[in-house]
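Below: one structure, written as structure tokens.
The values are calculated or read from the model by the stated rules, or taken from the named source; none is laboratory data. Keep in mind the model is a prediction, meaning the values are calculated, not measured. Using ideal geometry, Cβ is built from the backbone for each residue, glycine included, and neighbour counts are taken over all protein chains shown.
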Amino acid sequence: MIVGCGRVGSMVARTLVAQGDEVTLLDTDAENFRRLAERPGLRMMVGDGTSNEVLRSMGIDEMDAFISLTSQDTLNALAAQAAQLTFGVRHVVCRINDPARQKMYEGLGLRTVSPSQVMTDLVIEALER
Amino acid sequence: MYAIVVGCGKIGYYLTRALLASHNEVVVIERDSRRSEMAADEFGSIMVASDGTEPTVLREAGARRCDLLISTTGSDATNLMACQVAKSEFSIPKVIAVVSDPDHVPLFKSLGIDVTISTTEIILTHIEEELPGGSLVHLLPLQGAANSIVCVRVPSDSPAVGMDLAHVGMPPGTALAAVVNKNGELRPVDGDLLLEADDEVVAITPPDKEDQLWKALTGGP
């Protein structure tokens, strides 16, 4: 399950489906689904990824992986921690933009990715090349 | 005491007034500039127009020497993060989050947030207390809400009036804790106790047995 169908969320969904995975993509705004064409293996649903009730109705109990990729750190952290602790999903990845908070959540046992940290590393690497 | 309040909506505003009135040192962090300016007219320089989930903002607000942080915004996600940053980055001794979705309460507790106040549940309880006759009031969730202490008043037209407790048909997994009569006197709980109109029955029950308990005691649908 992927929460957040922005540029990153939609690309991750497309890539996983192309690999043969089944993906449920959740976003509060149906408009965001225009980024993606319908295809087998992809389910696009409108709903709030921080609501346990919504996650349960989308079948989170059956999911192997949960990825929260909205643009807001707060929503991603709540959704990911609910997936990990309330529902016991095995693979949880959480986007945290702010590098200071990313470090903190890594310390708290969450797998996190910080786009600004990744970008910084790439820019520095490109400069050094 | 030194307290940081995150969010200056209705809850944050009145809380800050109360904390100031009882001579505490308070800093209020509100992200919305309009709200923050309005509150600054009354509270002055203790208002910080910024994001209370940012470690740098909390550090500048004096989180290192803070005794208590209360996050009162309307967003559970924001309140959780403000409390987690307060706890793990600044070791603030007590962190309190306001929780709107009662489903989130067990998660917040398991993440070490000291106290959670579910506004939704408080309002529901008040509404239930106002309902006439046989209502079921939640007094306290126990151990991650697997069971709660609830209170049911026996209405005068209930079939349970005049019955002894052994025959009322309590749902399995439910324990009776106390029966208080309409004069406020505690009645000893045993199988022979005959229920009277307006008795208040205090029971410990799992959430999915509440309906059955309520039916047994009130005869309601």
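The table below gives the values:
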| read-out | value |
| --- | --- |
| Filter result for B:GLY9 (touching a residue at least 60 places away in the same chain (Cβ under 8 Å), assigned by TED's automatic domain parsing to the domain that holds B:THR73 and not β-branched (Val, Ile, Thr)) | yes |
| Which listed residue is within 14 Å of chain B (Cβ to nearest Cβ), within 28 Å of B:GLY74 (Cβ to Cβ) and aliphatic (A, V, I, L, M), from A:LEU26, A:LEU55 | A:LEU55 |
| Which listed residue, of B:ASP41, B:ASP51, B:ASP101, is within 11 Å of chain A (Cβ to nearest Cβ), at pLDDT below 95 and out of contact with any Phe, Trp or Tyr (no Cβ under 9 Å at 6 or more places or on another chain) | B:ASP101 |
| Enumeration of residues in region B:54-98 that are facing chain A (nearest Cβ under 10 Å) and part of a strand (DSSP E or B) | none |
| Residue match in region A:60-71 (condition: closer than 19 Å to B:SER100 by Cα and at pLDDT 95 or above) | no |
| Filtered residue count, region A:73-101, keeping only those that are buried (at least 21 other Cβ atoms within 10 Å of the Cβ) and within 11 Å of chain B (Cβ to nearest Cβ) | 13 |
| Residue match in region B:141-157 (condition: in contact with a His (Cβ under 7 Å, 6 or more places away or on another chain) and modelled with pLDDT of 80 or more) | yes |
| All positions within region B:177-196 that are outside any strand (DSSP E or B) and either free of Cβ contacts under 8 Å to residues at least 40 places away in the same chain or buried (at least 16 other Cβ atoms within 10 Å of the Cβ) (or both) | B:ASN181, B:LYS182, B:ASN183, B:GLY184, B:GLU185, B:PRO188, B:VAL189, B:ASP190, B:GLY191, B:ASP192, B:LEU193, B:LEU195 |
